[in-house]
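Step one of this worksheet: look at the structure below.
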Amino acid sequence: MRAINFAARRKKLMQWMGANSIAILPAAEEKVRSHDVNFPFRQDNNFWYLTGFNEPDAVMVLIPGRKQAEFILFNREKDPSQERWHGKRLGQDGAIEQLGADDAFPIDDIDDILPGLMEGRERIYFALGANSEFDQKVMEWRSELMTSPRKRTDSPGELIDIGHHLHDMRLIKSTAEVQRIRHAAKISAKAHKALMKACAPGKTEREMETELHYHFAKGGCRHPAYPSIIASGDNANILHYIENSDSMKDGELLLVDAGGEYEQYASDISRTIPVNGRYSDTQAELYDVVLKAQLAAIEKVKPGNHWDHIHDEAVRVLTKGLVELGILKGQVSDLVKRGVYRQFYMHKTGHWLGLDVHDVGDYHLHGEPRVLEPGMVLTVEPAVYIPRDMTRVEGHNIAKKWRGIGIRIEDDVLVTANGYDVLSKDVPKEREAIEKIMAGA
């Protein structure tokens, strides 16, 4: 993504902040995996959103209207010895040349320089509560101004959480952001289809995970956007099952919830397929209920509708389908009102998608569901879960043929000016299309 995109975001944020203010945001920290081995570094999403900088040990400072420099970066110095071991560093000159920083200083000098930058500012914006240690540093820098006789009158008065406004900015995706989510979804679609072709009884969930991750990486999504869920049989009724260790049995379904990450942006796709390549009559009946609910819910994705329209439609269609199959008994409207469906479907029908797989942004504003706007990206993922040990609901028995089945169908959907665009449409979800791929066609 070009530096100009990040500059435009910084400019928009500073316009909102107003004069006599300062924003201070830290980069992510490296995390220890074991002993002296770290997890692969991944940048803090708010920091990345405003800088495009992918190194740890850095702090971004924005000071609207400051003539000398509005965008200042504290980052690691160039160090040939360290770079030989751990990789290249951008350094201060690189921060100015490549990131568009107005000025850059070594991160080790931040305690000497930053309090002076805060002087005379009425408001400090920072990600309150996101990093308790950094919160304490901000308090220390502010305290230094307050306890200095020379600077007492110029110390900042307000400490304001920047997260809410920044998250609102992130909720509406630019064209460049949508391109990245779309690419992640296309690569993930290829991976899901490769898994369908490779799936067979006797193989393991781990083998399917390997198939997925290989195709993620091959397409430029080096990392999954989240731990992949490869859940066969009754494992599908564990919503966040990530052991991925069991052998897949003939006659079972396989729930695959997995998406690659491309240039920080996530995809999130779920499909439920027959391990042996053919849905049984029982599986097909329940699958079609979930698919019908998903298709109906997606039709509610359009500007002017609100978030709850999507969920409410999925719940209505799911409940009606469960009644028609005899899994639930009663009037659909009454079952929905009493929330009986939650025994089979206990989560919402989707979430925002972007830099985070469960991306930031409010779902309700002032007690009302959020109205959808063009540029929002969300998932639509109705499901039905009937664990093997669930034998009764609402006083009546659940037929044995339904038990042990878990089905989820999930797509990534962009809100457009006139409706929606399913970014993950390259992954088939109609039963006949899935069976055809699994048969080698």
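The values are calculated or read from the model by the stated rules, or taken from the named source; none is laboratory data. Everything numeric here is computed off the predicted structure, so don't read it as measured data. Ideal geometry is used to build each Cβ from the backbone, glycine not excepted, and the neighbour counts take in all protein chains shown. Note: accessible area is taken over every heavy atom of the protein model, side chains too, but ligands, DNA and RNA are not part of it. Shrake-Rupley method; radii C 1.70, N 1.55, O 1.52, S 1.80 Å.
Describe numerically, in nm with one decimal, the distance between label points set 7 Å from Cα along Cα→Cβ at residue 122 and at residue 11.
Each label point lies 7 Å from its Cα, and together they span 2.5 nm.
Give me the 1.4 Å probe accessible area per residue for the stretch 387-441, excluding ligands and nucleic acids, in Å².
Per residue, the stretch 387-441 has an accessible area of 48 Å².
Could you calculate the contour length gain from residue 29 to residue 130, that is, 0.36 nm times the residue separation minus the distance between their Cα atoms, to one decimal place in nm?
Values: separation 101, 0.36 × 101 = 36.36 nm, distance 1.19 nm.
Difference between extended and current length: 35.2 nm.
Once the whole set of protein chains is in place, how much accessible area is left on residue 209, using a 1.4 Å probe, in Å² to the nearest 10?
Residue 209 has an accessible surface of roughly 40 Å² with all protein chains in place.
Would you kindly derive the ³J(HN,Hα) couplings of the stretch 30-44 from the backbone phi angles with the Karplus curve 6.51 cos²θ - 1.76 cosθ + 1.60 (θ = phi - 60°), listing them in order in whole Hz, with x for Gly and Pro?
6, 10, 6, 8, 6, 6, 10, 10, 9, 5, x, 6, 9, 6, 4
Just round it to a whole percent: the fraction of Cα-Cα distances in the stretch 17-112 exceeding 16 Å.
59 percent
Per residue, how much accessible surface does the stretch 278-341 expose to a 1.4 Å probe? Answer in Å², no decimals.
Averaged over the residues of the stretch 278-341, the accessible area is 45 Å².
Where only protein heavy atoms count, and the probe is 1.4 Å, what is the accessible area per residue for the stretch 98-245 in Å²?
Value for the stretch 98-245: 48 Å² per residue.
Classify the stretch 229-386: rounded, prolate or oblate, from the alpha-carbon gyration tensor (a ≥ b ≥ c, eigenvalue square roots; a/c under 1.5 rounded; otherwise prolate if a/b is larger than b/c)?
Since a/c reaches 1.5 but b/c is at least a/b, the shape of the stretch 229-386 is classed as oblate.
Is it possible to state the helix-based mean residue ellipticity at 222 nm for the chain, with each DSSP H run of 4+ residues giving -39500 (n - 2.57), the sum divided by total residues, to the nearest 500 deg cm²/dmol? What is it?
Numbers: 13 runs with 161 residues, N = 441.
The helix contribution divided over the chain gives -11500 deg cm²/dmol.
Summing +1 for each Lys or Arg and -1 for each Asp or Glu, what net charge is found among the other residues whose Cβ lies under 9 Å from the Cβ of residue 247?
Local charge sum for residue 247: 0.
Need the list of lysines near residue 11 for cross-linking: C-alpha distance under 21 angstrom, and skip anything on the same chain fewer than eight residues off.
Leaving aside lysines fewer than 8 places away in the same chain, those within reach of residue 11 are 67, 173.
Residue by residue through the stretch 377-385, which ³J(HN,Hα) values in whole Hz follow from phi under the Karplus form 6.51 cos²θ - 1.76 cosθ + 1.60 (θ = phi - 60°), with glycine and proline marked x?
Values per residue, Gly and Pro as x: 10, 9, 9, 10, 9, x, 7, 9, 10 Hz.
Tell me, in nm to one decimal, what length is gained between residue 392 and residue 299 on full extension, where the rule is 0.36 nm per residue of separation less the Cα-Cα distance?
That pair, residue 392 and residue 299, stretches by 30.2 nm at full extension.
Work out, in µm²/s and without decimals, the Stokes-Einstein translational diffusion coefficient of the stretch 336-438 at 25 °C, 0.890 mPa s, Rh from Kirkwood over C-alpha pairs.
Value of D from the Cα-based Kirkwood radius: 149 µm²/s.
Tell me, what % of the accessible area of the chain is carbon and sulfur with a 1.4 angstrom probe?
Summing carbon and sulfur atoms, their accessible area is 48 percent of the total for the chain.
Build a GNM of the chain with springs between Cα atoms under 10 Å: which of 268, 411, 112 gets the top mean-square fluctuation?
112
For residue 159, enumerate residues with amide H under 5 Å from its amide H, sequence gap 5+ or separate chain, H modeled in the peptide plane.
124
Report the Cα centroid-to-centroid distance between the stretch 154-222 and the stretch 1-73 in angstrom, as an integer.
Answer, in whole Å: 21.
Which whole-Hz ³J(HN,Hα) couplings does the stretch 5-12 yield from phi under the Karplus relation 6.51 cos²θ - 1.76 cosθ + 1.60, θ = phi - 60°, glycine and proline marked x?
5, 5, 4, 5, 5, 4, 4, 5
Counting only protein chains, not ligands or nucleic acids, how are 301, 371 ordered by accessible area (probe 1.4 Å), most first?
Details: 301 0, 371 75 Å².
Order by accessible area, largest first: 371, 301.
Summing Lys, Arg as +1 and Asp, Glu as -1, what charge do residues with Cβ under 12 Å from the Cβ of residue 317 carry, residue 317 excluded?
Value of the local net charge: -1.
Which net charge results for the neighbourhood of residue 89, defined as the other residues with beta-carbon distances under 9 angstrom from its beta-carbon, given Lys and Arg at +1 and Asp and Glu at -1?
Details: positive: 76, 78, 88; negative: 55, 77, 79, 83.
Its environment carries a net charge of -1.
Percent of alpha carbon pairs in the stretch 138-259 separated by more than 23 Å?
Counting every Cα pair in the stretch 138-259, those more than 23 Å apart make up 54 percent.
When the Kirkwood radius is taken over all Cα pairs of the chain, what Stokes-Einstein diffusion coefficient follows at 10 °C and 1.306 mPa s, in µm²/s?
My calculation gives 66 µm²/s for D.
Report the label-to-label distance for residue 240 and residue 169 in nanometres (one decimal), using points 7 Å from each Cα along the Cα→Cβ vector.
Between residue 240 and residue 169, the label points sit 2.9 nm apart.
Here is the link list: 31/425; 88/197; 300/400; 137/218; 300/329; 31/78. Which ones come out longer than 31 Å on Cα distance?
Those over the limit are 31/425; 88/197; 300/400; 137/218.
Run the simple label-point estimate for residue 78 and residue 334 please: 7 Å along Cα→C-beta, distance reported in nm.
Simple spin-label model gives 7.7 nm for this pair.
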